[in-house]
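Q: Structure incoming, see below.
Every read-out reported here was derived from the displayed coordinates using simple, explicitly stated rules and does not represent laboratory data. Because the structure is predicted, anything quoted here is derived from the model rather than measured. Backbone-built Cβ (ideal geometry, glycine too); neighbour counts: all protein chains shown.
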Amino acid sequence: MTDYANEVANDLLEIGAVKFSPEAPFTWASGIKSPIYTDNRMTIGFPKVRKNIYSGLTELIKTEYPDVEIIGGVATAGIPHAAWVAEQLEKPMIYVRSKPKDHGAGRQTEGANVANHKVVLIDDLISTGGSVLAAAKAVEKEGGNVLGIVSIFSYELLAGVKNFESANLTFKSLTTYSQLMTLAISRGDLAEDQIETLNEWKKQPEKWQVN
């Protein structure tokens, strides 16, 4: 059986989708500074990598959410992966915009009719969970039952865990920050001082927030 957690973590490092910069941190839209940046949009450009991802997500959904009826992609990064997974599972698909259209029918979801159907949403990564939880609300507003969320990667932030608990939703990821760090260390990608900084950031990311 394929170890997708390790395979995908290695893929992300190999293609340069993960960048470490403890000395000059990245700034997220939330205002938090981070010594790591993960660009999973790069994965669609590598056939072997994207196959590992959609195969892993398919198996994850079969295991965790076997009753799923519709696969949803969160705009924009989750859409291609949702399409491949929906094809694998032979399920209808939707995608969810970040906000309703400002013209036409003003819909926020497109594709299958979600009313009275069980939906699993796919996003590329989970940090605090804000965008994907907003997408879940949009699906529920249209009558869908969101079983849970799956992603390629999770930063395992406490804020994200709390936000999902508040929304009474579960999420599962193919690979995680902890798994990625373990692999990066074994590959020799990080110096000792960088490892310490990255570990401290995961414990208290709010300390890095921009004032």
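Q: Of all the residues that make up region 1-23, how many are under 12 Å from F46 (Cβ atoms), surrounded by 20 or more Cβ atoms within 10 Å (Cβ to Cβ) and more than 18 Å from the chain's Cα centre (by Cα)?
A: Looking only at that region, the number is 0.
Q: Follow-up. Output the residues belonging to region 1-57 that are among the basic types (K, R) and either in contact with an Asp or Glu (Cβ under 6 Å, 6 or more places away or on another chain) or more than 24 Å from A86 (Cβ to Cβ) (or both).
A: Across region 1-57, the qualifying residues are K19, K33.
Q: K202: surrounded by 13 or more Cβ atoms within 10 Å (Cβ to Cβ), over 15 Å from the mean Cα position of the chain (by Cα), touching a residue at least 24 places away in the same chain (Cβ under 8 Å) and under 30 Å from K137 (Cβ atoms), yes or no? So that I can check it myself, show each step before the final result.
A: Values: surrounded by 13 or more Cβ atoms within 10 Å (Cβ to Cβ): yes; over 15 Å from the mean Cα position of the chain (by Cα): yes; touching a residue at least 24 places away in the same chain (Cβ under 8 Å): yes; under 30 Å from K137 (Cβ atoms): yes.
Against the criterion (surrounded by 13 or more Cβ atoms within 10 Å (Cβ to Cβ), over 15 Å from the mean Cα position of the chain (by Cα), touching a residue at least 24 places away in the same chain (Cβ under 8 Å) and under 30 Å from K137 (Cβ atoms)), K202 qualifies.
Q: Next question, about the same structure. Take G129 and tell me if it is touching a residue at least 12 places away in the same chain (Cβ under 8 Å) and at positive phi. Break it down into steps so the answer makes sense when it comes.
A: Numbers: touching a residue at least 12 places away in the same chain (Cβ under 8 Å): yes; at positive phi: yes.
Taking the combined requirement at face value, the residue satisfies it.
Q: Next up: Filter region 30-68 down to the residues that are free of Cβ contacts under 8 Å to residues at least 40 places away in the same chain and basic (K, R), then identify the one that is farthest from K172 (Cα to Cα).
A: Within region 30-68, the match that is farthest from K172 (Cα to Cα) is K48.
Q: Quick check on region 149-172: of everything there that is under 19 Å from I61 (Cα atoms) and surrounded by fewer than 15 Cβ atoms within 10 Å (Cβ to Cβ), which residue is nearest to the chain's Cα centre (by Cα)?
A: It comes out as T170.
Q: Further question: In contact with a Lys or Arg (Cβ under 7 Å, 6 or more places away or on another chain) and part of a helix (DSSP H, G or I) - does that describe any residue in region 96-118? Break it down stepwise before answering.
A: At the first step, the residues of region 96-118 found to be in contact with a Lys or Arg (Cβ under 7 Å, 6 or more places away or on another chain) are 100-101, 107-108.
Checking the rest, the ones that are also part of a helix (DSSP H, G or I) come to none.
No, the conditions are met nowhere in region 96-118.
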